[in-house]
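S.K.: Have a look at this one before I ask anything.
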Amino acid sequence: MAPRPAAGAAGGSAPLRVPGFPAVLVVFLATGTLFGSLEVATVAAVDTLGAGAASSPVLALQAAGSCLAGLAFGALRPARHPAAGLAAGTCGMALGVLPLTAAGSLPVLAVLLFVAGMATAPTMVSGMSLVHRLVPAARLNEGMTTAYTGLLAGIAAGAAAGGHAVERLGAPAAYWVPAAAGALAAAAALPGLRRTTRSR
C-alpha cells in the first residue's frame with residue numbers, strides 16, 4: 001500500500017511549495033548531472049586507455065550493478081523512511097565515483113563502475129518513493145514529472161560539463177565532475193532526511 005502524504009500537504013499544494021520537495025528536486029538535478037558527466041568521462045577514459053571500442057560493455061557493467069542492486073533492494077522491502085534510503089543512496093553514489101579518478105587500467109575501471117552503479121537503482125527508487133510520500137495525491141503526476149524533468153535537465157547539463165572537463169582536464173580528472181555532483185546530491189539529501197524524519 002502506497003504511503004499517504006502528510007496531513008499538512010493534503011491541501012493540493014503545488015509540488016514546489018511542499019516542504020521537502022525543493023530539496024528532493026535538487027537531488028534529482030544533481031543525480032542527473034552525475035549520470036550525464038559519468039557517461040562522458042567513462043567514454044573518454046576508456047578511449048584514453050586504448051580500448052575505445054569497449055566503452056559500451058564497460059558502461060553496461062555500471063547498468064548491471066544498478067540492476068542487481070535494484071533487485072536486491074526491492075526484495076528486501078526496507079522499512080526505513082525513503083528519505084533515509086535517498087540519503088544513503090546519494091552518499092553511496094558520491095563515494096562510489098571517487099575511486100574512478102585513479103583507475104589506471106580497463107579491468108579496474110570496469111570493476112569500479114560496476115560497484116559505483118550499485119547505488120543508482122536504490123537511490124532512484126527511494127527518491128521517487130519520497131516524492132510519492134511528500135506530494136499530495138491530487139498533484140502527484142505533477143510532482144513525478146517535475147522530479148523526472150529535473151533528472152533529465154541534470155543529465156544534459158552533466159554531459160556538457162563532463163565534455164568540457166574532458167577537453168580541459170583530460171579523462172581521469174573529468175571524473176571529478178560526477179564526484180562533485182554526487183556530493184551535491186548528498187548535501188541536499190541529508191538535511192532533508194533530518195527534517196522529514198522529524199516531521200513523520
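Laboratory data are not the source of any read-out in this text; all were calculated from the coordinates shown. Keep in mind it's a predicted model, so treat the numbers as computed, not measured. For neighbour counting, all protein chains shown are included, and Cβ atoms are generated from backbone atoms with ideal geometry for every residue, glycine included.
S.K.: Per-residue counts of other Cβ atoms within 10 Å, averaged by peptide: what ranking do you get for 62-68, 37-43, highest first? Walk me through the numbers on the way to the answer.
M.R.: Working: 62-68: 17.4, 37-43: 25.6.
Taking the mean over residues of other Cβ atoms within 10 Å, the ranking is 37-43, 62-68.
S.K.: Take each complete run of DSSP H in the chain, measure how far its Cα atoms stretch along the helix's own axis, and keep only those covering 30 Å or more with mean Kyte-Doolittle hydropathy at least 0.0; list them. Each step should come with its number before you reach the end.
M.R.: On the way: long enough: 21-48 (40 Å, 1.60); 55-76 (32 Å, 1.39); 140-169 (42 Å, 0.54); 176-199 (35 Å, 0.47).
Those that clear 30 Å and a mean of 0.0 are 21-48, 55-76, 140-169, 176-199.
S.K.: Normalised radius of gyration for the chain, please: alpha carbon Rg relative to 2.2 N^0.38 Å, two decimal places.
M.R.: On the way: Rg = 17.4 Å, N = 200, 2.2 N^0.38 = 16.5 Å.
After normalising by residue count via 2.2 N^0.38 Å, the value is 1.05.
S.K.: In addition: Quick one: compute the contact order of the stretch 18-199, relative version, from alpha carbon pairs under 8 angstrom and 6+ residues apart, as a percent. Numbers along the way, then the final one.
M.R.: Values: 299 pairs, mean separation 84.4, N = 182.
Relative contact order for the stretch 18-199 comes out at 46 percent.
S.K.: For residue 190 and residue 169, compute 0.36 nm times the residue count separating them, minus their Cα-Cα distance, and round to one decimal in nm.
M.R.: Numbers: separation 21, 0.36 × 21 = 7.56 nm, distance 3.03 nm.
My answer for the length gained is 4.5 nm.
S.K.: Now for a different question. In deg cm²/dmol, rounded to 500, what helix-only [θ] at 222 nm does the chain give when every DSSP H run of at least 4 residues adds -39500 (n - 2.57) and the total is split over its residues? All intermediate terms of the calculation are to be shown ahead of the outcome.
M.R.: Working: 8 runs with 151 residues, N = 200.
Mean residue ellipticity at 222 nm (helix-derived): -26000 deg cm²/dmol.
S.K.: For the stretch 113-159 and the stretch 46-106, write down the distance between their C-alpha centroids in whole Å.
M.R.: The two parts, judged by their Cα centres, are 16 Å apart.
S.K.: Under a crude label model (7 Å from the Cα following the beta-carbon direction), how far is residue 17 from residue 64 in nanometres?
M.R.: 4.9
S.K.: I would also like to ask the following. As an exercise, use a Förster radius of 35 Å and the Cβ-Cβ distance of residue 108 and residue 144 to find the FRET efficiency, rounded to the nearest 0.05. Don't skip to the end; give the middle numbers.
M.R.: Values: r = 38 Å, r/R0 = 1.07.
Efficiency at R0 = 35 Å is approximately 0.40.
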